[in-house]
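Chemist: Following this message is one structure expressed as structure tokens.
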Amino acid sequence: MKIVTQIFCISFLFICCKTLQTDNNLLGEYFSKGKDYEYILMLQGDYSFELQLKYQDASPKCTGSWKLVGDKLISLQCKEFSDITETLTNGYMSEREHNLEIINSNRLKFKGVILRKRK
């Protein structure tokens with residue numbers, strides 16, 4: 001029984017360390033710039049994020065919390081605004097939830113666009 005408990009504890013520690021390592025590897029700023037757009041995403045260690053999309057006529061952005069879903073997906077949840085005037089500006093992002101595919105620790109896929117990590 002003692003051996004089973006020890007094996008369980010060691011396995012649990014490995015799983016926790018793997019999760020922490022994966023999350024830490026994803027932290028940082030990601031970007032992509034094209035002819036008529038620029039995407040900037042900052043993933044922070046406290047599971048907060050800032051996402052900014054720059055287009056010719058608009059620059060919507062949102063902040064909120066992110067979480068790892070499995071080992072290949074990041075889910076972003078934008079905070080809601082309490083001030084109605086924020087929703088009427090060109091800086092308001094109407095889509096409040098986003099999913100990004102993890103390609104590797106230096107690349108994420110967002111709406112068909114590859115975001116690269118800044119060094």
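All of the numbers you see were taken from the coordinates with simple rules; none came from a lab. Note that this is a predicted model, so its numbers are computed, not measured.
Chemist: For region 67-80, what does the Karplus curve 6.51 cos²θ - 1.76 cosθ + 1.60, with θ = phi - 60°, yield as ³J(HN,Hα) per residue in whole Hz, taken in order and with x for Gly and Pro?
Modeler: Calculated HN-Hα couplings, in order: 8, 8, 10, x, 10, 10, 9, 10, 10, 10, 10, 6, 5, 8 Hz.
Chemist: With the cut-off at 1.5 for a/c, could you classify region 25-65 from its C-alpha gyration tensor as rounded, prolate or oblate? Don't jump to the answer; show the numbers that get you there.
Modeler: Numbers: a/c = 6.47, a/b = 1.79, b/c = 3.61.
Cα axes put region 25-65 in the oblate bin.
Chemist: Hey, another quick one. Non-local amide H neighbours of Met93 (under 5 Å, H modeled in plane, Pro and chain starts lacking H): which ones?
Modeler: Hits under the 5 Å cutoff: Lys61.
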